[in-house]
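The values are calculated or read from the model by the stated rules, or taken from the named source; none is laboratory data. Just so it is clear, the structure is predicted and the values come from calculations on it, not from any experiment. Reconstructed Cβ throughout: ideal geometry from the backbone, glycine too, with neighbour counts over all protein chains shown. Just so you know, the surface numbers come from the protein's heavy atoms only, side chains and all, with ligands and any DNA or RNA stripped out. Shrake-Rupley method; radii C 1.70, N 1.55, O 1.52, S 1.80 Å.
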Amino acid sequence: MKEAARMGTFGTGPFSSDGAIDFLEELAERPPERRAAALEHMFLFVKDKPELLGREFFPDEVVAAAAIVAASLPGGQQFDERLETLIENDLAPDARLSAPAPELASIALEALLFVAGPQGPWHQGWTSDTNAAEARDTVAALSQVLTLAGGELDDLEPPDGV
């Protein structure tokens, strides 16, 4: 996690900010098989300590973390492709997970919606309506992948025999 004062690039994609790239660098320092546990820890921290937003964790880091989970899941190819492009162009290290992590989908979604829900801090300060719309599209795409992988849509179906 980062210090509170940050300046630099801040884009509408999940890996389009300096903070997201810094987060990828930190995650890449861990062995691939330990990255899922680090992401889970972050998501739980966001859930358990929301008052530390902006001091111990930042919205762009949470969005990037959710996108790393989504990149490992069915339907998350666009996020995996974005990571691959960053890696190939030496813009970020390979911070991908060693295996799909559907068990993280629901908690990643919860953390994502906390920081990037309709009134979340990730959506504040966009300089144009176009950027605001692109940011909403990013969150919608991430939410869709995480929702499907988390099995939450299964809850809408009636139990067998009903």
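Give the residue from Leu97, Thr85, Ala65 lying farthest towards the positive end of the charge dipole for the chain; charges sit on Cβ (+1 for Lys and Arg, -1 for Asp and Glu) and the dipole is referred to the Cα centre.
Going by the charge dipole, the pick is Ala65.
With Cα Rg over 2.2 N^0.38 Å as the read-out, I listed [x] 1.02; [y] 0.96; [z] 1.13; which label goes with the value calculated from this structure?
[x]
If I take every Cα pair under 8 Å that is 6 or more residues apart in the range 16-162, average their sequence separation and divide by the length, what percent do I get for the relative contact order?
Reported as a whole number, the value is 28 percent.
Under a point spin-label approximation (7 Å from Cα along Cα-to-Cβ), what is the Leu52-Thr147 distance to one decimal in nm?
The answer from the label model is 3.0 nm.
Residues of the chain: accessible area per residue at 1.4 Å, in Å²?
Here the per-residue accessible area is 54 Å².
Summarise the accessible area of the range 6-77 (1.4 Å probe, protein heavy atoms) by the percent that is carbon and sulfur.
50
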